[in-house]
Amino acid sequence: MELNTIFFIGPQGSGKGTQAKILAQKLNFFHWDMGLICRETAGQDTDFGREVKNIIDKGVYLSDDMLIKVAENRLKTLPANQGVIFDGIPRRLGQAQFLMDFLKKQGRKNFVTIYLSLPKDETFKRLKLRAEKEGRADDTEEAIELRLKQYTEVTLPVLDYLNGETTFFEVDGTPAVALVSQKINQVLGV
C-alpha cells in the first residue's frame, strides 16, 4: 500500500501521539501535532497569531473555524508529496471534511486511519497516572470524565466518516508501546 496521509484517532491516553511520532520517524513523514502547530501560530507576531494566543492562554479550545484556519495556513506550506501523519486533528466532523477536501485538492490519495482503541477503565488509569507524573491540572477524575464524554459525542462520528473515506485499521492501544508499534507496522505493511 502506498502511504502518504495517515490519521491517528483514539481516546485520550491511547498513545496516539507516541505512536504517530514513532511512525513518522520510521517513514520520514511530517508529524502533524495539532497542539504544537497551534502554539507555533500563537507565537507569531500577527493579528491572527495574537488572537490564537489569547484563546490558548485562557485554556479554551479553538473554535472549528479558528482551528481550520490554523490548519489551512500550515497545510499550504507542506509539499503535496510530503508524507504526513495527523495527530490531534480531526476531532470533529467539520474538521475531518475540511481536511479531506483540502488534501484531495492537493492531489493526495491513499488515506489511512489508525484507530487506537482503549477501554474506558484503561483510559482513566493512564490519564490519572499521567496527571501524577506530569502534575497536569486537566487530568482530574471529573475532567477526564468530561473529556471522554466529549470524545464519545464529538469524535466518534469522525470515526464513521473516516471509516468511509479512508483505509481504516483498528489497533488495540492497550499493550506496551513497542507491541502497539509492531501491530501498526504490520497492518500498514511497513
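Kindly provide the set of residues from region 164-182 that are assigned to a helix (DSSP H, G or I) and surrounded by 15 or more Cβ atoms within 10 Å (Cβ to Cβ), ordered by number.
Our first condition is that a residue be assigned to a helix (DSSP H, G or I); within region 164-182, this holds for 164-165, 177-182.
Residues satisfying the conditions are E165, V180, S181.
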Among the residues of region 56-73, the number that are part of a helix (DSSP H, G or I), buried (at least 16 other Cβ atoms within 10 Å of the Cβ) and either touching a His at 6+ places or on another chain (Cβ under 9 Å) or modelled with pLDDT under 85 (or both) is 1
Sole exception among (1) part of a helix (DSSP H, G or I); (2) among the aliphatic types (A, V, I, L, M); (3) closer than 18 Å to F168 by Cβ; (4) out of contact with any Asp or Glu (no Cβ under 6 Å at 6 or more places or on another chain) for I6, by number:
(1)
Tell me, please, whether a residue that is farther than 20 Å from N163 by Cα, modelled with pLDDT of 95 or more, in contact with a strand residue (DSSP E or B) (Cβ under 8 Å, 6 or more places away or on another chain) and surrounded by 18 or more Cβ atoms within 10 Å (Cβ to Cβ) can be found in region 32-40.
no
Scanning region 1-22 for residues that are crowded, with 23+ Cβ neighbours inside 10 Å and more than 17 Å from K125 (Cα to Cα), the one farthest from the chain's Cα centre (by Cα) turns out to be T5
So which residues in region 95-154 are assigned to a helix (DSSP H, G or I), touching a Ser or Thr at 6+ places or on another chain (Cβ under 8 Å) and either of a type in the set (V, I, T) or loosely packed, with under 12 Cβ neighbours inside 10 Å (or both), if there are any at all?
T123, I144
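The values are calculated or read from the model by the stated rules, or taken from the named source; none is laboratory data. The model shown is predicted, which means the values in this text are computed figures rather than measured ones. Backbone-built Cβ (ideal geometry, glycine too); neighbour counts: all protein chains shown.
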